[in-house]
Amino acid sequence: MKFLSRMNKRIFFIVAGFIFLIQSCTKKNDYVVSSPNNLVKLTFNVDNGSLNYNVDFKNKVIVDISSLSILENVPVEIINAEIKFNSSSWEPVWGQFSEIKDEHNQLVLHLKLDDKTSKLIVKVFDDGVAFKFEVDNILNTENVNLFCEYNISKDDFFYTPAGESEPKGPFTITGLENTSEELPKLLMPLVFETANNVHVAILESDLFEAKGFNAMTLNFDKESKKLRSTNKGKLVKDKLVSPWKVILIGETAGDLVTNTIPVNIATPCKIENTDWIKPGKTLWDWRVHGYTAPDGFTYGIDNESYKRFIDFAAEKDIEYFLIDDSWYKHASKGHFELSDKLDLNEISEYAKKKGVDLILYYDRKHGEYGDKELFPYYQTLGMSGIKYGFMGRNIEFSRDAIKQSAESELLIDFHDNPVPFTGVSRTYPNAISREYCHAQQDSRRAFTPEAFIKMALINAIQGPLDMNNGNFDITGINSGIREKSPRKKNSYFSTVVSETARTLIIFSGLVCIPDAPEAYNSKADLFEFIQKMPVGKWDETRILNSKMSEFITTARRYKKEWFVGSVINRKGGSVDINLDFLEEDIAYEITFYEDTSETDCETNPEAYQIRKDIVKKGAVINAKMAKGGGHCMWIKPVD
C-alpha cells in the first residue's frame, strides 16, 4: 500500500521513492492519499482493468468502492505516480473570504489507456477531495465520457436542487430501489446526511475551463444500485482536460456552504485588471411595478419611477440600480427598438450624476441583437453590467458571454436556469451572480421558509446566487395589488426581519433587493442592517447553526465588524448563537433586529423591534424567532 500524509519536500522524495520500490512487490496496488490533517483518505486501485476509488472520513466510509473512467470500455493501467504537498494562499477579487488557504496533498497517477496516455490529478483537502483527468493524443472522441460512480450507504439521506423550484428530498438509495414511481431528476450539488451525522456534497468545478465537456449529469442506476455522474466530452485541440469531480465533507450542512475547495481548484483569474469589478447591492424595478407610495405616486416604467430608485440608491450608498425587461420593445440584429415609456439616455445621465451604476436586462426571447455586438453596445450606453435572461443551458454560449462581457468591462448576472459554472467567480470574477435557484416571486410564485433554508444549504454550495430577498412591504405584496405579486394571494410567508437576514445568508456578488424605496424608508431603522453590510467584500464567513429545512445562522466579518443573520421554518423557535468568534478583551456594541412576540409570517409579518447591548467574546445569544421569522445582529467594537 502506498500512503501519503503531510510532509516537507525532503520527506516527499523519500516517500515517492518508497512508493515506486514497493509497487512491484505488492499484490494489490492501492494508492492512498490522505488530507494534511489525516482525517480524509482517498484510495485508488485498478481491478481487472477498471479504475476504482473510495473515500473515508475519520475512518468511516463516505463513498465505498466505486468505478471511475474517462474513456468508455477502455482498460486502465497505472504506470507511475507522483505525490506532493501544497500549502499556499491567494486573494479573491471578491468572495466570502478575503484570503483563501490552499493546503492539500496531491497525487498524480500516470495511466495507460490502450495506446493513449493520461493523468489522473487528485487533490485531498481537510474537508474534501477533487480529481480530474488529462488525456493526450485523442483522435477518436466518440467514447470520451467522464464517468464516476458514488457508492454511498443505502440509508443516507440526500437532497437535490430542482432548478427554479424548491429542492427535493430527502431520498435514500433504498427508497429509489423500491419505488415504482418515476425517479427524481438529480442535479448538482447532491447533499447527503450520513448515519454518522457527516454531511457530504457531490458536484463539479472548473467546467468553464474544461472545454469540450458537457455539464455533469447525475442519475441513479437501478441495476448497479449506485448513483453515477457522466460528462460527455470531445477533443479540443490535442489535449482533453476534464472538469474536476468534487466531494465535499463537513460536520454540519453549513460547513459545505463555506467550503473553499470548488474555488481553490478553479483556474486562477484570467482578467488582468479587475479594478472595475465591484460587488454590491442593487435596487430593482421589476417587482415594484404597480406599487403606490404614501404620497400617491404609483411606480411603473417611466423616468420619474427610475429617478426615485436612483435617488434612494444614492442616499443609502447602494451601488447599483437594475432596470429589467422594460427599456426596449424588440431586439434584432444590431438594433434595439427602445421603449417610448422612458428615456434611457436621460436615466443613464441622471444615474451618472448621482454616482449610481446601472445594470440592464437582456432577454434573448425578445429577439437576438447579436451577441458579439451586444456587450460593446451596453458599454456605449454607460452600463456597468448585464442581467442575461433566457440564454439557455448552452455551455459554449454562456462561456463566451462571460468572456465577452469581461472584454467590455461588464458584470454579468445569468438568469433562467443557467449553467452553474462552479468556481468561475475565481476565473472570471465579473460573473457576479446567477439564478441557480428559485428566486423569490419568480414566475409570480413565492417560496416557503423551508424552501429558503434548503436552497441556502444546497443550491448555494455551487456558488453565488441571485434570489431577490429583502422585501419589506410583505402585506402589500400578499394583497395582490402589485403587477408582479404572487398569483396566489397570501402565499408569501416571511417576516421583515427574516427578509433582512436572507440578504446576508445568501452569498452573492450582487445582492438584489426587490422592494420600493418607500417600503425601505418606512422601516429605515431595520433597513440599516442591509445598508451597512458590505456585500461581497467579506474577510471571513462562518455558518454557526444549520439544520436542513429548519434553521440557519450565518456570520460574516468585514474588518472588525460582524453581521449575523438567522432564519427559521414555520414552526418558529430559537437558536443559541455563541459569540466565541469575537476578539478577546474587546467590548462590542451589538444591535439586535428582531421579531416581536406578536410577529407571525402569516398574520403579522411586519412587526419588528430593535435594541442595543454591549457584549464580549464568549457571550451566548438566544435568538428567538417567530414562525417563518428571523434574527439579525450588527456587532462592532465600542468606539
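A few comments on the model shown:
- Any chance Ile301 is aliphatic (A, V, I, L, M), open to solvent by 20 Å² or more (accessible area, probe 1.4 Å) and over 28 Å from the mean Cα position of the chain (by Cα): yes
- Matching option when the condition is outside any loop (DSSP other than H, G, I, E, B), within 30 Å of Glu91 (Cβ to Cβ) and either out of contact with any strand residue (DSSP E or B) (no Cβ under 7 Å at 6 or more places or on another chain) or without any contact (Cβ under 8 Å) to a residue 24 or more places away in the chain (or both), among Glu518, Glu499, Glu528, Glu450: Glu528
- Top-ranked residue of the range 542-569 - restricted to ones that are among the charged types (D, E, K, R) and touching a residue at least 40 places away in the same chain (Cβ under 8 Å), ranked as least open to solvent (accessible area, probe 1.4 Å): Arg556
- Of all residues in the range 178-206, those satisfying the criterion of being in contact (Cβ under 8 Å) with a residue 60 or more places away in the chain, open to solvent by less than 10 Å² (accessible area, probe 1.4 Å) and assigned to a strand (DSSP E or B) are Val191, Val200, Ala201, Leu203, Glu204, Ser205.
- Ser405 falls short of the stated requirement of being without any contact (Cβ under 8 Å) to a residue 24 or more places away in the chain and over 30 Å from Ser597 (Cβ atoms).
- Helices (runs of 4 or more DSSP H) fully within the range 221-332 that include at least 3 residues being more than 30 Å from Pro92 (Cα to Cα): 303-315.
- Of residues in the range 477-514 being closer than 14 Å to His289 by Cα and of a type outside the set (Gly, Ala, Ser), the one farthest from the chain's Cα centre (by Cα): Ile481
- Test: residue in the range 246-261 that is touching a Phe, Trp or Tyr at 6+ places or on another chain (Cβ under 6 Å) and modelled with pLDDT of 95 or more: yes
- Qualifying residue in the range 422-444 (condition: on the phi > 0 side of the Ramachandran plot and among the acidic types (Asp, Glu)): no
- Residues that are β-branched (Val, Ile, Thr), in contact with a Ser or Thr (Cβ under 8 Å, 6 or more places away or on another chain) and open to solvent by 20 Å² or more (accessible area, probe 1.4 Å) within the range 35-75 comprise just one, Val61.
- Apart from one condition, Phe527 fits all of (1) open to solvent by 30 Å² or more (accessible area, probe 1.4 Å); (2) at pLDDT 95 or above; the exception is (1).
- Restricting the range 465-481 to residues that are over 14 Å from Pro514 (Cβ atoms) and in contact with a Pro (Cβ under 9 Å, 6 or more places away or on another chain), the residue that is least open to solvent (accessible area, probe 1.4 Å): Asn478
- Applying the condition of being aliphatic (A, V, I, L, M) and open to solvent by less than 30 Å² (accessible area, probe 1.4 Å) to the range 261-273 and asking which residue is nearest to Asp400 (Cα to Cα) yields Ile271.
- Selection over the range 414-438 of residues that are out of contact with any His (no Cβ under 8 Å at 6 or more places or on another chain) and closer than 16 Å to Gly389 by Cβ gives a count of 12.
- Output for the range 577-593, where each listed residue is touching a Leu at 6+ places or on another chain (Cβ under 9 Å) and open to solvent by 30 Å² or more (accessible area, probe 1.4 Å): Asn578
- Flag for Ala201 being among the hydrophobic types (A, V, I, L, M, F, W, C) and within 25 Å of Pro243 (Cβ to Cβ): yes
- Matching entry among Ala331, Ala351, Ala314 (being farther than 18 Å from Pro514 by Cβ, crowded, with 21+ Cβ neighbours inside 10 Å and either in contact (Cβ under 8 Å) with a residue 60 or more places away in the chain or among the aliphatic types (A, V, I, L, M) (or both)): Ala351
- Qualifying residue in the range 274-284 (condition: modelled with pLDDT of 95 or more, open to solvent by 50 Å² or more (accessible area, probe 1.4 Å) and either in contact with a helix residue (DSSP H, G or I) (Cβ under 6 Å, 6 or more places away or on another chain) or not acidic (Asp, Glu) (or both)): yes
- Hey, Asp580 assigned to a loop (DSSP other than H, G, I, E, B) and out of contact with any Gly (no Cβ under 9 Å at 6 or more places or on another chain) or not: no
- The range 207-239: number of residues that are on the phi > 0 side of the Ramachandran plot and either aliphatic (A, V, I, L, M) or crowded, with 18+ Cβ neighbours inside 10 Å (or both): 1
- Verdict on Glu134 being open to solvent by less than 50 Å² (accessible area, probe 1.4 Å) and of a type in the set (D, E, K, R): yes
- Filtering the range 149-177 to residues that are touching a residue at least 24 places away in the same chain (Cβ under 8 Å) and among the hydroxyl-bearing types (Ser, Thr, Tyr) leaves Tyr150, Ser153, Tyr159, Thr160, Ser165.
- Of all positions in the range 181-203, none carries a residue that is of a type in the set (Lys, Arg) and touching a helix residue (DSSP H, G or I) at 6+ places or on another chain (Cβ under 7 Å).
- Qualifying positions in the range 429-446 - in contact with a Cys (Cβ under 9 Å, 6 or more places away or on another chain) and surrounded by 24 or more Cβ atoms within 10 Å (Cβ to Cβ): Ser433
- Residue-level analysis places Lys484 outside the set of residues that are open to solvent by 10 Å² or more (accessible area, probe 1.4 Å), free of Cβ contacts under 8 Å to residues at least 12 places away in the same chain and either among the hydroxyl-bearing types (Ser, Thr, Tyr) or not in a helix (DSSP H, G or I) (or both).
- Taken together, the criteria exclude Glu103 from residues that are open to solvent by 60 Å² or more (accessible area, probe 1.4 Å), under 31 Å from the mean Cα position of the chain (by Cα) and under 30 Å from Lys537 (Cα atoms).
The values are calculated or read from the model by the stated rules, or taken from the named source; none is laboratory data. Predicted, not measured: the structure shown is a model, and the values here were computed from it. For neighbour counting, all protein chains shown are included, and Cβ atoms are generated from backbone atoms with ideal geometry for every residue, glycine included. In case anyone asks, the SASA skips ligands and DNA or RNA and just uses the protein heavy atoms, side chains included. Shrake-Rupley method; radii C 1.70, N 1.55, O 1.52, S 1.80 Å.
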